[in-house]
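Each remark here refers to the structure printed beneath this line.
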Amino acid sequence: MANVTSLLSTSNEPHTTDGAAPCYAAGAMTETKAAEAPRKRRRIGRGVLLVLLAAIVLLARPADRHLRAASLLLRFADEHAQGFLPEYGKHTLDESLTEVPSARGPVRARVYSPVGVANAPGVVIVHGVHRLAIDEPRLMRFARAIAASGVVVLTPEVKEIADYRIDAASIETLGAAAHSLRERLGDRPVGLMGMSFAGGLALRAASDGAFAKDIGFVVAIGAHHDMRRVLEFFKKNETSWPDGHKEALTAHPYGALVLLYSHVEALVPPADAAAARDAIRLWLWDDREASKAKLAELSAEARAKVEALLEGKADVPALIDEIAKHPEQALSVSPAGHLGELHAPVFLLHGATDSVIPASETQWLAHDVPPALLRASLVTPAVEHVELRGEPSLAQQWELVRFMAGVLDVAKE
């Protein structure tokens, strides 16, 4: 079964570690160079999930909401799935491009609407860190799977996230998208789903009084609680948990690259910043030749520093220390210190061995979200950051189905 983390995200550039399944940083998943991997996941997913669906039919009371959730997941895992159960709760769709008004101008967006569903609930799904943004194929497939279950989906294009930057300016875009969808649906609050760093930004938007009436629930997948602590994780390869214990975990270098891209001024002199940013961006896009051409525009000192970063040889702890000199930047994109202002139910999901944003961050979120609003918090070994980890057990898949069933329930409240 495709994991729920990947379902709620878009894609990013692939990086494989130690021969394992591809790992994707900063909230996204992309086409892997190993074409067999998606096919293998679909084969595993369809077979195991069909068994799980049969168990739900026999055992769950009531079964309706779990069937709807499991069918949604199966439709995403295998868009060609056939048969009675995969079609459960499926609606035909209308899709259209639109624009969302925002304080910074119109935002390109796409709407997925189930045909013939009166008073359908709505949800805004925020794409991950990827240049294709709302046109990323897996985001589109997931949006269709959600919409086919009877939910109107809006996917806004967040320019900072599409440019591999974690920026507080995105918070207003998320809130504006929720406001726009709420108006479209007759003044009914809508859900807001965000993946990885977008999950943290979604919680920030929901904590903003300007959008409190627009956001009816939040789903944060693999999200961060405090960016300062995430930076420390990349510096020390060590996680910090709410109960005070620390745990060694090797941080994925790609996540550090994305974070440092957002703070290139800590790496090179101001005169080299624009070209350095372009070189890193093109590298993230996997356009190595264009990246090298940009590197040639840099001063010798700046070129050496950027090349070391791209080749994984930079002194990352020293660079993070430079970023840490300006904590206001990290705080501006962190839910920490703001969650007391929440008014919407919250769902949290995280991969237990996530090496981009560690699972300890979701534990911090669960500790900080007002207890009455925390509907579900699931840390599971079934997922990595946004990718299937091995072959989930039936118990783990059942947990994911229950999680999604809870989301669908609150969407229809």
May I ask you to list the residues in segment 108-140 that are β-branched (V, I, T) and either closer than 21 Å to S196 by Cα or not in a strand (DSSP E or B) (or both)?
V115, V117, V123, V124, I125, V126, V129, I134
Considering only helices (runs of 4 or more DSSP H) wholly within segment 297-413, the ones with at least 2 residues that are more than 30 Å from K90 (Cα to Cα) and in the same structural domain as A274 (by TED's automatic domain parsing) are 300-310
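Can we say V356 is under 27 Å from G209 (Cα atoms) and either surrounded by 15 or more Cβ atoms within 10 Å (Cβ to Cβ) or free of Cβ contacts under 8 Å to residues at least 40 places away in the same chain (or both)? Walk me through how you get there before you give the answer.
Working: under 27 Å from G209 (Cα atoms): no; either surrounded by 15 or more Cβ atoms within 10 Å (Cβ to Cβ) or free of Cβ contacts under 8 Å to residues at least 40 places away in the same chain (or both): yes.
Answer is no for this residue.
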Inspect segment 248-259 for any residue being touching a helix residue (DSSP H, G or I) at 6+ places or on another chain (Cβ under 9 Å), of a type outside the set (D, E) and closer than 18 Å to G337 by Cα and give the result as yes or no.
no
Among all residue pairs at least 6 apart or on different chains, which show Cβ distances below 7 Å where the first residue, located in segment 172-183, is more than 20 Å from A147 (Cα to Cα) and the second is among the aromatic types (F, W, Y) and in a helix (DSSP H, G or I)?
G175/F211
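Report, by residue number, each residue of segment 370-395 that is of a type in the set (V, I, T) and either at pLDDT below 90 or crowded, with 24+ Cβ neighbours inside 10 Å (or both).
Residues of segment 370-395 of a type in the set (V, I, T): 379-380, 383, 386.
Across segment 370-395, the qualifying residues are V383, V386.
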Going through segment 196-211 one residue at a time, which ones are hydroxyl-bearing (S, T, Y) and buried (at least 24 other Cβ atoms within 10 Å of the Cβ)?
S196
Over segment 327-353, the set of residues touching a helix residue (DSSP H, G or I) at 6+ places or on another chain (Cβ under 9 Å), surrounded by 13 or more Cβ atoms within 10 Å (Cβ to Cβ) and not hydrophobic (A, V, I, L, M, F, W, C) is P327, Q329, S332, S334, P335, H338, E341, H343, P345, H350, G351
All but one of (1) on the phi > 0 side of the Ramachandran plot; (2) surrounded by fewer than 19 Cβ atoms within 10 Å (Cβ to Cβ); (3) of a type outside the set (F, W, Y) hold for A133; which doesn't?
(2)
Select the helices (runs of 4 or more DSSP H) contained entirely in segment 141-210, then report the ones holding at least 2 residues which are among the aliphatic types (A, V, I, L, M) and more than 19 Å from G340 (Cα to Cα).
159-162, 169-184
Please enumerate the residues belonging to segment 235-250 that are among the acidic types (D, E) and either closer than 14 Å to S355 by Cβ or surrounded by 15 or more Cβ atoms within 10 Å (Cβ to Cβ) (or both).
E238, E247
Give me the pairs: first residue in segment 278-305 and among the small types (G, A, S), second residue exposed (fewer than 14 other Cβ atoms within 10 Å of the Cβ) and in a helix (DSSP H, G or I), beta-carbon distance under 8 Å, and six or more apart or on different chains, which are they?
S299/A271
Looking only at segment 280-307, which residues are more than 28 Å from the chain's Cα centre (by Cα) and within 27 Å of T250 (Cβ to Cβ)?
A304, K305, E307
Given (1) surrounded by fewer than 23 Cβ atoms within 10 Å (Cβ to Cβ); (2) under 30 Å from P327 (Cβ atoms), index of the condition L192 fails:
(1)
Exactly one of D214, D187, D226 is of a type outside the set (A, V, I, L, M) and surrounded by fewer than 19 Cβ atoms within 10 Å (Cβ to Cβ), and that one is D187
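The values are calculated or read from the model by the stated rules, or taken from the named source; none is laboratory data. The model shown is predicted, which means the values in this text are computed figures rather than measured ones. Methodologically, a virtual Cβ is constructed for each residue, glycine included, from the backbone with ideal geometry; neighbour enumeration extends over all protein chains shown.
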